[in-house]
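What follows is one structure encoded as structure tokens, with my remarks underneath.
The values are calculated or read from the model by the stated rules, or taken from the named source; none is laboratory data. Remember, predicted model here, so these are calculated numbers, not experimental data. Positions of Cβ are backbone-derived with ideal geometry, glycine not excepted, and every protein chain shown enters the neighbour counts. Ligands, DNA and RNA are stripped out before the accessible areas are found, and what is left, the full protein with its side chains, is counted by its heavy atoms. Shrake-Rupley method; radii C 1.70, N 1.55, O 1.52, S 1.80 Å.
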Amino acid sequence: MNEKTETLLRNKKELTDQECKKAMDFAVEQVEDNLSEFTDQFKKAYSEDGFYYPTGNVNWTTGFWTGQIWLAYEWCRDEKLAQAGQKQVDSFLHRIDNKIEVDHHDMGFLYSLSCVASYKLTGNPKAKEAAVKAADQLIGRFQPIGQFIQAWGPMNQPENYRFIIDCLLNLPLLYWASEETGEEKYRDIAEKHIHTAIANVIREDYSTWHTFFMNMETGEPDHGATCQGYRDGSAWARGQAWGVYGTALAYRYTGRKEYIEDFRHVTGYFLDHLPEDLVPYWDLEFGDGSGEPRDSSSASIAACGMLEMAQYMEEEEAALYRSIARKIMKSVVDNYAVKDKALSNGLVLHSTYSKKSPYNTCTPEGVDECNIWGDYFYMEALTRLSKAWNPYW
Ligand code: GLY
């Protein structure tokens, strides 16, 4: 991190334990209030004018809502929450059995936060069954030529022959599956993907590519390209945040020391491009005065990554990252979290799912709204700041 960032951070206040508890109490209350509408149905990926509407279990994002239910259950142990979580596990089992919108790599986002969480907290055998099936689905997308898990679209077409940085968060499901089944194949594929991803996705200046294409014939790295970032050479804020958390998880699962260094660099780039209030604009190219919307979800994702990595560092460095995470979360709590239930049924405002630019290929949606993973990682960060937590990842 550069000197300007050090100065910026030095002058910021940390979230206190009391503020953290108050924020989490409100979040848990909001989740409980939402159960009547969102137990048989799920929350959509993003809010509209602050309000989420119901959807079936069909998108890549529904696990983030079930994950919030499990985090709320861990916080207050209200059985009503556990019952809602288990009901959603049934839905996830049905989804994987019937292969409903599972032809993509986001099995971890879907199944770690819903079914692995349920299994770890309650031992529900149906949750284990569903999560192992999801892991099988995920390894079915492994491309031996190039050694990566293909992110999107039908397999074996040059236009789809790529992975994306987000996938690092989908891999803990595979490690969990190896642990539970005793079968090495899941871990083996996760390890190969991590190696390919980290070797190619981090640029020389430690910004990151959102997506990266491999050559279908030779398996050699081909080129990076953005989908949701502003332009190819810029750093999409959430992609960089996935890189922060992804490198921390890569270290946790592989124990490879070089990933600690990667974490430091990717996190340094993220921090060096934060605006005054420590919550990034949707692409790190943009700063204060740009008039662009924020992506508050990136702030919480990066804070979770720093808190994960701090567990494996020497005390002095761990304390630094814990302090930064507390400072970022103070801004999220003070300036972005929902305080009035009449204005939103979500938890954190000012996130951006996908903003169209003249140079990117995404479908515009959920700009400057709550989004469901922003809400999930907000609760995860507050949980991590409150106690020793056994991750669902
Ligand atoms: N994983 C997709 C996104 O972050 O929008």
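List of remarks:
- Vicinal HN-Hα couplings computed from phi for the stretch 3-20 (Karplus, 6.51 cos²θ - 1.76 cosθ + 1.60; Hz; Gly/Pro x): 4, 4, 5, 4, 5, 4, 5, 4, 8, 9, 8, 8, 5, 7, 4, 5, 5, 5
- Using the Karplus relation 6.51 cos²θ - 1.76 cosθ + 1.60 with θ = phi - 60°, the per-residue 3J(HN,Hα) values for the stretch 173-189 come to 4, 6, 5, 4, 5, 5, 4, 6, 9, x, 9, 6, 4, 5, 4, 4, 5 Hz, with x marking Gly and Pro.
- J(HN,Hα) series, the stretch 367-377, from Karplus relation 6.51 cos²θ - 1.76 cosθ + 1.60, nearest Hz, glycine and proline x: 8, 6, 9, 6, 9, 5, 7, x, 5, 4, 5
- Gain on full stretching of the segment that runs from A318 to A225 - 0.36 nm per residue minus C-alpha separation: 30.2 nm
- Total formal charge among the other residues, if their Cβ is under 13 angstrom from that of D205, Lys/Arg +1 and Asp/Glu -1: -2
- Computed over the alpha-carbon atoms, the chain gives an Rg to Rh ratio of 0.93, Rh here being the Kirkwood radius from the mean inverse distance.
- Percent of Cα-Cα distances greater than 18 Å, calculated over the stretch 236-299: 36
- Share of pairwise Cα separations in the stretch 100-225, more than 25 Å, in percent: 25
- What the Cβ-Cβ distance of R77 and T181 gives, at R0 = 45 Å and to the nearest 0.05, is a FRET efficiency of 0.90.
- Trypsin sites (Lys or Arg not before Pro) within the stretch 206-272: DSSP coil, no more than 16 neighbouring Cβ in 10 Å: R231, R256, K257
- Which listed pairs, of K43/K355; K80/K330; K43/K87; K21/K120, have C-alpha distances above 26 Å, in listed order: K80/K330
- With all protein chains in place and a 1.4 Å probe, the accessible surface of the stretch 282-328 carries 44 percent carbon and sulfur.
- Cα convex hull volume per residue for the stretch 285-393 (Å³): 144
- The stretch 91-188: GluC sites (Glu not before Pro) in DSSP loop, at most 12 other beta carbons within 10 Å: E184
- Whole-number accessible area per residue in Å² for the stretch 197-342, which is evaluated in the context of all protein chains at 1.4 Å: 35
- Surface share of carbon and sulfur [accessible, 1.4 angstrom probe, percent] for the stretch 57-197: 50
- Descending by average beta-carbon neighbour count within 10 Å, the peptides 367-380, 268-281 line up as 367-380, 268-281, the highest first.
- Between K99 and Q41, the modelled label-to-label distance comes to 2.9 nm, taking each label 7 Å out from Cα in the direction of the beta carbon.
- For the stretch 1-68, the set of trypsin sites (Lys or Arg not before Pro) satisfying both a DSSP loop assignment and a count of at most 14 other C-beta atoms within 10 Å is given as K13.
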